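**Student:** Pasting a structure here, questions to come.
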Amino acid sequence: MKFLQRIIFAIMEEQVQKSFIWNLWHGCHKFSEGCRHCYVYRGDSKRGIDSTLVHKTKNFDLPVRKKKGGDYKIPSGSMVYTCFTSDFFVEDADPWRGEAWEFMRQRCDLDFLIITKRIERFDQCLPADWGEGYDNVTICCTVENQECANKRLPVFIKAPIKHKRIICEPLLGPVDLTPFEIGKWACQVVAGGESGTEARACDYSWVLLLRDECLRSGVPFWFKQTGSCFIKDGRLYKIARHLQHSQARRAGINIIP
Ligand code: SF4
């Protein structure tokens, strides 16, 4: 068993090595309920940084940067997690986004993953050659509660995107995805609680509600992490940060394609 675990960890480590974070701009504006305890704001406040001042980072051109020998710094076939310290579609970044799309087009050998709460800005932020979407770009729409699902998912469904994921994180209440026929268009649903000292509770029954709909619809599901305050069978558990992912994994409810 230990040997098997070592192999699994080795595979996971291998995957981590092939993943990169591309924070091309930093800063954001709180937009909906899920932003209340935004980790960007939390981190910036400790360093005395004003999170509302959105600026390009020194890693803006990371995907196209090369080593001395001429190879790209990010090797072909990697997954690039994009814009974790802002929202890719935040208004302040409108002047820079065209160049960012250009990098993604140039690096069609990489997979880019973009998470947003601003899916309603998607149409006005696209490059001219987007068409039905770039093959190498996955867009993830965050819906933290039913209100956000009702508002954002109809827009997300219609948007020309090749790969769509729904992110229910931080999950702040029960979300019924039944009306949205996710089996026809979503490639994954991710659920997770909120972290930090002021975290709001995530109820396991909300996670199971999402999971059951995924099961009915044939959509992969990932219970990513419990968050800091987790309710199961009416009992509240405080979960330490380093255990939040492993506790979720232990629930054994992921639906793997
Ligand atoms: S959209 Fe994301 S980065 Fe922006 S304030 Fe909300 S949680 Fe923070």
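The values are calculated or read from the model by the stated rules, or taken from the named source; none is laboratory data. These figures come from a predicted structure and were not determined experimentally. Don't worry about glycine lacking a Cβ; one is built from the backbone with ideal geometry, like all the others, and counts go over all protein chains shown. Heavy atoms of the whole protein, side chains included, go into the accessibility calculation; ligands, DNA and RNA do not. Shrake-Rupley method; radii C 1.70, N 1.55, O 1.52, S 1.80 Å.
**Student:** Would it be correct to say that Lys30 is in a loop (DSSP other than H, G, I, E, B) and either hydrophobic (A, V, I, L, M, F, W, C) or over 19 Å from the mean Cα position of the chain (by Cα) (or both)?
**Tutor:** Values: in a loop (DSSP other than H, G, I, E, B): yes; either hydrophobic (A, V, I, L, M, F, W, C) or over 19 Å from the mean Cα position of the chain (by Cα) (or both): no.
In short, no.
**Student:** Among the residues of the range 57-91, write down those that are acidic (Asp, Glu) and touching a Gly at 6+ places or on another chain (Cβ under 7 Å). Before the answer, list the steps.
**Tutor:** We begin by selecting, within the range 57-91, every residue acidic (Asp, Glu); these are 61, 71, 87, 91.
Those that are acidic (Asp, Glu) and touching a Gly at 6+ places or on another chain (Cβ under 7 Å): none in the range 57-91.
**Student:** Looking only at the range 59-107, count every residue that is within 16 Å of the ligand (Cβ to nearest atom) and part of a strand (DSSP E or B) and tell me the total.
**Tutor:** Counting residues in the range 59-107 that are within 16 Å of the ligand (Cβ to nearest atom) and part of a strand (DSSP E or B) gives 2.
**Student:** Do the conditions hold for Asp44, that is, is it open to solvent by 30 Å² or more (accessible area, probe 1.4 Å) and either touching a strand residue (DSSP E or B) at 6+ places or on another chain (Cβ under 7 Å) or more than 9 Å from the ligand (Cβ to nearest atom) (or both)?
**Tutor:** no
**Student:** Can I ask one more? Condition first: among the basic types (Lys, Arg) and closer than 21 Å to Glu33 by Cβ. Can you find one or more residues in the range 85-107 that meet it?
**Tutor:** First, pick out the residues of the range 85-107 that are among the basic types (Lys, Arg): 97, 105, 107.
Applying the additional criterion that residues be closer than 21 Å to Glu33 by Cβ yields none.
Scanning the range 85-107, I find no residue that is among the basic types (Lys, Arg) and closer than 21 Å to Glu33 by Cβ, so the answer is no.
**Student:** Check the range 177-191 and report whether any residue there is at pLDDT 95 or above, aliphatic (A, V, I, L, M) and either open to solvent by 40 Å² or more (accessible area, probe 1.4 Å) or in a helix (DSSP H, G or I) (or both).
**Tutor:** Taking the range 177-191 and keeping what is at pLDDT 95 or above, we get 177-191.
If we keep only those that are aliphatic (A, V, I, L, M) as well, we get 177, 182, 186, 189-191.
Subsequent filtering for residues that are either open to solvent by 40 Å² or more (accessible area, probe 1.4 Å) or in a helix (DSSP H, G or I) (or both) retains 182.
The answer is yes; a qualifying residue exists.
Matching residues to (1) open to solvent by less than 20 Å² (accessible area, probe 1.4 Å); (2) assigned to a loop (DSSP other than H, G, I, E, B); (3) without any contact (Cβ under 8 Å) to a residue 60 or more places away in the chain:
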position	(1), (2), (3)
Glu144	yes, yes, no
Ala149	yes, no, yes
Phe156	yes, no, yes
Arg165	no, no, yes
Ala199	yes, yes, no
Asp212	no, no, yes
Phe223	yes, no, yes
